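The values are calculated or read from the model by the stated rules, or taken from the named source; none is laboratory data. Not measured: the values here are computed from a predicted model. Virtual Cβ from ideal backbone geometry, glycine too; neighbours counted across all protein chains shown. What goes into the accessible areas is simple: the full protein's heavy atoms, side chains included, and nothing from ligands, DNA or RNA. Shrake-Rupley method; radii C 1.70, N 1.55, O 1.52, S 1.80 Å.
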Amino acid sequence: MRNKNKQPADPQRIQLREPISNTNLLLIITVCTFFGMYGMAMAVWGGGFLNPQQFLDLFNNNSFLIVISCGLTIVMIAGGIDISVGGITALVTMACVVYLDDKGGSVAGSMALALAIGTAFGLVQGLLVSYLEIQPFIISLAGMFFARGMTTIVSVAPRTAENEMFMALKEFRIVIPGIGSYGKTGNFIPARIELGVVIAIAVVILVFILLKWTRFGRNLYAIGGNSQSARMLGINVKRTRFFSYLICGVLSGIGGYVYLLHTGAGNASNASASEMQAIASAIIGGTLLTGGVGNVIGTLFGVLSLKTINNIVIASGLREPYWQSITTGMMLCFFILLQSVILRIRAGGTKRD
Amino acid sequence: MAKRFQRLRKSQLVIPLFALLLLALFNLIRDPSFFSFNITVNNEGNSVLSGNIISILNSASELAIISIGMTLVTASSRGQDISVGAVAAIAGSVFVRVLKEHTINWPIILLAFVCACLVAVLCGAFNGTLVAGFGIQPMIATLILLTAGRPIAYWINGGATPTVESPLLGYIGSFIPGVPIPTPLLIVIVFAIFVSLVLRLTNLGLYTQAVGINEKSARLNGINAFGMKMLSFMILGICVSIAGCIGVSRMGLINHETLLLDIEMDAILAVAIGGNALSGGKFSITGSVIGAYIIQALTITLYAMKVPSTAVKAYKAIVIIAIVVLGSPVVQSFFLRLRNKMFPKPAKVEEKQAYAE
């Protein structure tokens, strides 16, 4: 009924309609880049790229990175940074394996342990950053050191999970009917995804809803954009920041468990340098470290783009591992420059108006 | 005397000095022989100083040099360079590459160092352009070289980890015959004196602070903000190349994977422990250098306590958190209020002084 009473949109208003926001623009670029890159790979190299399983393996192999990048995106939107995510992931894998094997723990117990470790890190880091106003980089750096150190204290030697129930969970695959490829003998191999992918996608959807449609999510954007004016609007900046770190910690715990579901092994060097990959994914996905701009769907595509470029480098014959890092660096450089230029042009545009 | 004490108490050096003192005290109680100096004869037949203190001072050299540059970058660009380890690997690789192609003597070492320096300054200029020219957050801009740096270092030497054997490199990495003090420590002392002289005699420090505190007003006052940021990144490049060359000389080989690994984290920590705000502005080089030695002293103390090297990080984290919590403005103002409540007098004295000033 209200729509009928509404004034008809006059031409003036249509012209003044809000332009596409920075968040959405950067998201569109990322999504287009990913599909463009993948399409190009399919057209040029074909082969593996045409295999649906290889596309799904992008998810299978990187589900943990998707989860921890989501957490990092939340913190970055609120204007903070958390580099402890990789360390927490490693600690969770090691602690869970030792709990399952040596202590005879149950699968449910190990899940609770993973969540508890993540929550504990999130709580402490959130408290220190938001209520004691210590620089987030230093706190999360200390968190990373602590997590990495604790991982080796729990067990120095790499461990493999042997718990039967856990192995059943690890080997569990969801078969996607109708999609698949033909093996060398001509038999049809249906495409399959791991349990971790389901968790990762669920996390992405939940975080998307959280950021888009809850008051807390909108508060995150507000305090990231300008914490001073957010405070004046009556937003509890400290509490919002605290919860952003708490959620990031919990998601790191979940990410650790997803990692364990994929590899089934605890190792001190698990998820090494993944914090930097997570930051890179978030940036490629259009999240600005300055805060206030970002989207979790972009982060998802950031992870996928980052990993697709590695596949492309391998497919194009540059098999030495250092080429992957160099191309990743170049891709990062490209996106960072692109974002900077776009944002500058847009800022310049509004100024002229 | 009292006034000087007051000034010291207010300065940012209190917490780091206190932490260093506490560490020393802890070691004194734990094991007084920690502080003993010995004169031992090393493999090359030189009589040299040894002991825990010397090993702290010696092994913190690279960190101390890099944290000097990191302080300037932090102050001017309000962010940190996380690519220093990777750039050090690049500089080290160039250093080795040049040495490999010639017979090693002093002029060639100097030439190799200059080449390494140039490459590192170029990397610094790349970071500086992204930060100052395009207005990108320093940590994001330097993420590029962090990702690509070590592979580039690998590529410079054709995918190998070459060794260079020369007694001359040993002089740089360990001891000069006849001098009982490790050469890296001497380099740190010379470099620190040089930097403090430059800061004292030129406007570099003042301008850097001005840009860090308020870039806009600095620019309106005629300071070239772009140039200052660029300069700080290039100075960091020089620091990094010195550290990289020391690291290579110490080992006699370049391992692009492990050379100065994770030093960016330690350097940022050193800057923060030294009482500098990571959000830029006012800075103290002395604080950062003290911070570097605190980190190394902590590591050596933990080693002396027979903590396994892989677990050192966990204990280090606890101490770091204790230091930054003590230094946090909220906790400090809490203690100030607590003291004012318990001893109302000192507060008045402070008030009077404030008026006097």
Q: Could you work out the local net charge near B:Ala89, counting Lys and Arg as +1, Asp and Glu as -1, over the other residues with Cβ closer than 13 Å to its Cβ?
A: -2
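Taking the Cβ of A:Leu141 as the centre, find all other residues whose Cβ is under 14 Å away and add up their charges (Lys, Arg: +1; Asp, Glu: -1). Kindly include the intermediate steps, with their values, before the conclusion.
Values: positive: A:Arg148, B:Lys313, B:Lys316; negative: A:Asp82, A:Glu275, B:Asp262, B:Glu264, B:Asp266.
Net charge in that neighbourhood comes out at -2.
Evaluate E = 1/(1 + (r/R0)^6) for B:His102 and A:Met330, where r is the Cβ-Cβ distance and R0 equals 35 Å; express this FRET efficiency to the nearest 0.05.
The computed FRET efficiency comes out at 0.60.
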Q | Helix B:225-251 axis, angle to chain B major axis (alpha carbon atoms, nearest 10°) | A | 50 degrees
Q) For chain B, which longest stretch is free of loop sites, where a loop site is one of the trypsin sites (Lys or Arg not before Pro) that DSSP puts outside H, G, I, E and B and that has at most 15 other Cβ atoms within 10 Å? A) B:1-281
Q.
When 1/r is averaged over all different Cα pairs and the result inverted, which Kirkwood radius in Å belongs to chain B?
A. 21.7 Å
Q | Model label zone, B:Arg339; criterion: amide N under 19 Å from point 7 Å along Cα-to-beta-carbon; scope the range B:10-50 | A | B:10-22
Q: Could you pull out the pairs from B:Lys100/B:Lys229; B:Lys216/B:Lys282; B:Lys316/B:Lys341; A:Lys307/B:Lys316 whose alpha carbons sit more than 26 Å apart here?
A: B:Lys100/B:Lys229; B:Lys316/B:Lys341; A:Lys307/B:Lys316
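For the protein assembly as shown, what does the accessible surface come to per residue with a 1.4 Å probe? Please give it in Å². Mind dumping the intermediate values first?
Details: 32980 Å² over 710 residues.
Ligands and nucleic acids excluded, the result is 46 Å² per residue.
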Q. By how many degrees, 0 to 90 and rounded to 10, does the Cα axis of helix B:14-30 deviate from the longest principal axis of chain B?
A. 70 degrees
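If you add up the charges near B:Ala132, with Lys and Arg at +1 and Asp and Glu at -1, over every other residue whose beta carbon is less than 15 angstrom from its beta carbon, what do you get?
Net charge around B:Ala132: +3.
Which whole-number value in Å³ per residue fits the convex hull of the alpha carbons of chain A?
On the way: hull volume 69.8 nm³, N = 353.
Measuring per residue, one finds 198 Å³ for the Cα hull of chain A.
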Q) Spin-label point model (7 Å from Cα, Cβ direction): what's the A:Ile174 to A:Asn236 distance in nm? A) 3.6 nm
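For B:Asn38 and A:Ala116, what is the calculated FRET efficiency with R₀ set at 45 Å and r taken between the beta-carbons, to the nearest 0.05?
The calculated FRET efficiency here is 0.40.
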Q. Calculated FRET efficiency, A:Val198 and B:Thr129, Cβ-Cβ r, R0 35 Å, to nearest 0.05?
A. 0.20
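Taking only complete DSSP H runs, can you tell me which helices of chain A stretch 18 Å or more along their own long axis by Cα positions and average at least 0.5 on the Kyte-Doolittle scale?
Numbers: long enough: A:22-44 (32 Å, 1.52); A:52-77 (33 Å, 1.12); A:85-101 (24 Å, 1.76); A:107-126 (28 Å, 1.57); A:136-154 (26 Å, 1.48); A:195-213 (27 Å, 2.92); A:237-263 (39 Å, 0.75); A:296-315 (28 Å, 1.63); A:321-352 (47 Å, 0.56).
Sorted by number, the helices that extend far enough and score high enough are A:22-44, A:52-77, A:85-101, A:107-126, A:136-154, A:195-213, A:237-263, A:296-315, A:321-352.
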**Q.** Cα gyration tensor category, rounded, prolate or oblate, for the range B:71-218 with a/c compared to 1.5
**A.** oblate
Q: Per residue of A:325-338, count partner chain C-beta atoms within 10 Å of its C-beta, then hand back the mean as an integer.
A: 5
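Using helices alone, I'd like the mean residue ellipticity at 222 nm for chain A: each DSSP H run of four-plus residues gives -39500 (n - 2.57), total over residue count, nearest 500. Provide the component values of the computation, followed by the final result.
Numbers: 15 runs with 248 residues, N = 353.
Estimated from H runs of four or more residues: -23500 deg cm²/dmol.
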Q: Please give the helix B:204-213 orientation as an angle from the longest Cα principal axis of chain B, in degrees from 0 to 90, rounded to the nearest 10.
A: 60 degrees
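Rounded if a/c is under 1.5, else prolate if a/b beats b/c, else oblate: with a ≥ b ≥ c from the C-alpha gyration tensor eigenvalues square-rooted, which is the range A:210-302? Walk me through the numbers before you get to the answer.
On the way: a/c = 2.55, a/b = 1.95, b/c = 1.31.
It is prolate, given that a/c is not under 1.5 and a/b is the larger ratio.
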Q) Which whole-Hz couplings ³J(HN,Hα) result when phi for each residue of the range B:87-104 is put into the Karplus expression 6.51 cos²θ - 1.76 cosθ + 1.60, θ = phi - 60°, listed in order with x for Gly and Pro? A) 5, 4, 5, 4, 4, x, 5, 4, 3, 5, 4, 5, 5, 5, 8, 9, 6, 7
Q) In Å², nearest 100, what accessible area do chains A and B bury in total when the solvent probe is 1.4 Å? A) 3500 Å²
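Over the range A:127-263, what is the relative contact order in percent, taking alpha-carbon pairs closer than 8 angstrom and at least six residues apart? List each step's numbers first, then the result.
Numbers: 83 pairs, mean separation 29.9, N = 137.
Worked out over the range A:127-263, it gives 22 percent.
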Q.
Give me, ordered by chain and number, the residues 5 or more places off A:Ala191 or on other chains with an amide H under 5 Å from its own placed amide H.
A. A:Ile176, A:Ile179, A:Gly180, A:Ser181
(Q) Quick check: at a probe of 1.4 Å, how many percent of the accessible area of the protein assembly as shown sits on carbon and sulfur atoms? (A) 65 percent
